[in-house]
1. Being outside the structural domain of Ala373 (by TED's automatic domain parsing), within 24 Å of Leu109 (Cα to Cα) and either in a loop (DSSP other than H, G, I, E, B) or of a type in the set (Val, Ile, Thr) (or both): is that true of Val130 here?
2. For Val380, indicate whether it is under 18 Å from Glu292 (Cβ atoms) and in the same structural domain as Leu290 (by TED's automatic domain parsing).
3. Do you know which residues across the range 321-377 are over 26 Å from Ala294 (Cα atoms) and hydroxyl-bearing (Ser, Thr, Tyr)?
4. Can you tell me which residues in the range 224-247 are outside any helix (DSSP H, G or I), hydrophobic (A, V, I, L, M, F, W, C) and closer than 22 Å to Glu382 by Cβ?
5. Tell me the residue from Tyr283, Tyr260 that is over 19 Å from Arg429 (Cα atoms) and among the hydroxyl-bearing types (Ser, Thr, Tyr), please.
6. Answer yes if at least one residue in the range 113-120 is within 29 Å of Ala170 (Cα to Cα) and more than 18 Å from the chain's Cα centre (by Cα), and no otherwise.
7. Just checking, does the range 300-309 include any residue being at pLDDT 95 or above, over 26 Å from Tyr213 (Cβ atoms) and not polar (S, T, N, Q)?
8. So, in the range 343-400, exactly how many residues are touching a Phe, Trp or Tyr at 6+ places or on another chain (Cβ under 8 Å), acidic (Asp, Glu) and either more than 20 Å from Ala314 (Cα to Cα) or surrounded by fewer than 19 Cβ atoms within 10 Å (Cβ to Cβ) (or both)?
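The values are calculated or read from the model by the stated rules, or taken from the named source; none is laboratory data. Note that this is a predicted model, so its numbers are computed, not measured. Cβ sites come from the backbone with ideal geometry, for glycine too, and all protein chains shown count toward neighbours.
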Amino acid sequence: MGQETPNRARPPRPHIVPPPPPPLGWRREFTALRPLGVRMLFVLWPALRRVRVWADTPAERREGLFGPPLDERLREASRACARFPELLEPLGTFTSLLRAPHRMDPEWLADACQQVSEWADVQGGLPAAVLFAEAAATLLPESPGRANVAAYLCRRAAYSERAAMWYLRAFKLATRGSDRSRKWRQREAIRALIGHGTVLKERGQLDEARRYYERASRRARSAGFRRKEAEAHHDLLLMCTEAGALGAAEWHARLALRCYPRSHPCIPALAHDFAFLLIRQRYFTPALTLLEGAIPLVEHPAEQTVVWSTLAWAAAGAGRQDRYGEAERAVLDLVELYDEYAPAALDHLAEGAWAIGNWEQARRYAELAQEAAVQQSSVVVERDVRTLLEKIVRKEPPPQESGVPDQARLELLIRQFLARLQRWRALNRGKFRAGDDANGGEAA
């Protein structure tokens, strides 16, 4: 009999942090910045390129990297500051980078890029916001928070592959540290799991998405992060609604409402998403009541687009054609400027037009929604619109409002939501712009 080999523990697997995604390329960058106007294009695009060059250059070789700044460049920056005073600080940092690149601190430069990213997002330039958020994340390669912000904006801009890469990077960065910032890193790890789950959900990979959300929920619960646990349940509500698991969706809605702090920015979004669940169950009138309470609290125009469209669908289903028309006009005005939620918004208008018997309008909106869904790789919306379009072509009668089996229970839950919305409004009046982060809380 040969000598036995002793049992040895398997060596730990190396904690490899994946690299950030490669730059989009100058042509796509140029196109992304163009909607901000020609003047800003010729200020921000060279600044972005110089930031990248600086980040790729070793510290000992940065002195004299760009040469003295040209007067014309300084004049362009000055004119941009005069037009947009809120950019004075970041454009000043970019000018300092030109003058003394060897003295620039990467934290200052990353902050400047983040400020430009936030400004571009408010201006409706989401692709431009992505460019500068990615630049900020590249400048601070050890920061999971910066990687999460870049991932969140990529996801919103329908760059799903890039979003997944940034979320994985953020998770790995967050889970490899064990220093004094451990609690902050735990929060960023949960945020990355929730965000990655949302990317998978939008691709139609619902089982995988559910696993990510459940991992996030467990981590949050064990770490005592109630608001992060609420955000995971909020996203599970959305996923279960899309999957047709309506009982589970309501359970997650109740848990999210219980766990969210009273002033959390996602309370209006949760009310909207629960109303959407009610619409899926054909409880149009209760959904309309809840949406009327939520919509005044959503200030971000891109998010208003989808909330107004949901209200249009609920109003049509409840037989309120006048309210449907008002909401329809609001959606069409907004979607021209903010197309981020165009697939879902147009799909909801199509559902509403179908509900009131306007067949031609329903078909037109459904075709536009399908086109937008393909363009933005919105797999779930594309699937839903295709089914709707088939029903419209067949002239299938629209679904009628359902009676609620447990009217008292639903009315109590809606009263709880409306009370939370009223309390939220009182707590946030004058100190928070509603809707700045309404996506299941992922970016909070």
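1. On the way: outside the structural domain of Ala373 (by TED's automatic domain parsing): yes; within 24 Å of Leu109 (Cα to Cα): yes; either in a loop (DSSP other than H, G, I, E, B) or of a type in the set (Val, Ile, Thr) (or both): yes.
Considered against the rule, which asks whether it is outside the structural domain of Ala373 (by TED's automatic domain parsing), within 24 Å of Leu109 (Cα to Cα) and either in a loop (DSSP other than H, G, I, E, B) or of a type in the set (Val, Ile, Thr) (or both), Val130 comes out as yes.
2. No.
3. The one that is over 26 Å from Ala294 (Cα atoms) and hydroxyl-bearing (Ser, Thr, Tyr): Ser377.
4. Taking the range 224-247 and keeping what is outside any helix (DSSP H, G or I), we get 224-225, 244-245.
Cutting the leftovers down to hydrophobic (A, V, I, L, M, F, W, C) gives us 225, 245.
The one that is outside any helix (DSSP H, G or I), hydrophobic (A, V, I, L, M, F, W, C) and closer than 22 Å to Glu382 by Cβ: Ala245.
5. Working: Tyr260 fails: over 19 Å from Arg429 (Cα atoms).
Step by step, each of Tyr283, Tyr260 is checked, and only Tyr283 is over 19 Å from Arg429 (Cα atoms) and among the hydroxyl-bearing types (Ser, Thr, Tyr).
6. At the first step, the residues of the range 113-120 found to be within 29 Å of Ala170 (Cα to Cα) are 113-120.
Then keep just the ones that are more than 18 Å from the chain's Cα centre (by Cα); that gives 113.
Checking the range 113-120: at least one residue is within 29 Å of Ala170 (Cα to Cα) and more than 18 Å from the chain's Cα centre (by Cα).
7. Yes, the conditions are met somewhere in the range 300-309.
8. Counting residues in the range 343-400 that are touching a Phe, Trp or Tyr at 6+ places or on another chain (Cβ under 8 Å), acidic (Asp, Glu) and either more than 20 Å from Ala314 (Cα to Cα) or surrounded by fewer than 19 Cβ atoms within 10 Å (Cβ to Cβ) (or both) gives 0.
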